[in-house]
Amino acid sequence: MFIAQELRKKSIAEYLLYMWQIEDLIRAYDCSLTRIRREYIDRFDYDEETKEEMADWYGNLVRMMNQEGKRQGGHLQINQVTLQQLEELNAQLLNSTKFPFYNAEYYKVLPFIVELRNRGSHKDENEVETCFNALYGTMMLRLQKKDISPETQHAIQEITTFVGMLSDYYHQDRQKPLEFE
């Protein structure tokens, strides 16, 4: 909860990846707030007030996952909206002549995106979602201490740079709307 709040202010990309991880954590506890409280929250050395705040936050997410039918997979609407905002910003940046470095980075990453789409089962997803899925998948592989090929590491490094630029523009646009033309 506290991490999510800080990440949302600092990096929308890191926030979104974190929230996807929280969705998976909730699924790992069978979307049971009782289990999350007992087996996860209570392990932290926080005061009771903080644990109650955490339980409320997780409880709200569990409720949303149940209401939205996301117990088995998929992303919460709040996370899909954030991804949609990033997709729309990406399109605006690419259609503008005022962001040549962003355009250059996009075209540098595009071959990796095409390759990932050709390998994956989600051929209809847009470029930004493909990038996030690649980053999240790699994060999961690292957590499982699985090997990542040098080619994949290179692709992820380029995707990370691209998503980082998009995230920076997102925050700039929130502070003072960007001028695209």
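The values are calculated or read from the model by the stated rules, or taken from the named source; none is laboratory data. What you see is a predicted model, and the numbers here were worked out from it, not measured in a lab. Methodologically, a virtual Cβ is constructed for each residue, glycine included, from the backbone with ideal geometry; neighbour enumeration extends over all protein chains shown. Areas reflect the complete protein model, heavy atoms only, side chains present, ligands, DNA and RNA absent. Shrake-Rupley method; radii C 1.70, N 1.55, O 1.52, S 1.80 Å.
Restricting things to Cα coordinates, could you compute the convex hull volume per residue of the chain in Å³?
Spread over its residues, the Cα hull of the chain gives 135 Å³ apiece.
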Residue-by-residue Karplus 3J(HN,Hα) for the range 130-145, coefficients 6.51, -1.76, 1.60, Hz, glycine and proline x: 4, 4, 5, 5, 5, 5, 5, x, 5, 4, 5, 4, 5, 4, 8, 6
Within a Gaussian network of the chain (alpha carbon springs, distance under 10 Å), most fluctuating of GLN84, GLN67, GLN21: GLN67
Prolate/oblate/rounded label for the range 28-116 (Cα gyration tensor, a/c 1.5): prolate
Nearby lysines by direct alpha-carbon distance to LYS98 (threshold 23 angstrom, same-chain neighbours under 8 apart not counted): LYS108, LYS176
Reachable aspartates and glutamates from LYS9, criterion Cα separation under 18 angstrom, eight or more residues apart if same chain: ASP168, ASP173
Choice from ASN103, ASN79, ASN95 with maximal GNM fluctuation in the chain (Cα, 10 Å cutoff): ASN95
Surface share of carbon and sulfur [accessible, 1.4 angstrom probe, percent] for the chain: 51
Positive-end residue of MET65, LEU33, GLN5, charge dipole of the range 1-77 with Cβ unit charges: MET65
Ellipticity estimate at 222 nm from DSSP helix runs (n ≥ 4, -39,500 (n - 2.57)) divided over the chain, nearest 500: -24000 deg cm²/dmol
Separation between Cα centres of the range 1-69 and the range 84-149, rounded to whole Å: 26
Residue-normalised accessible area of the range 1-97, given per residue in Å² at a 1.4 Å probe: 55
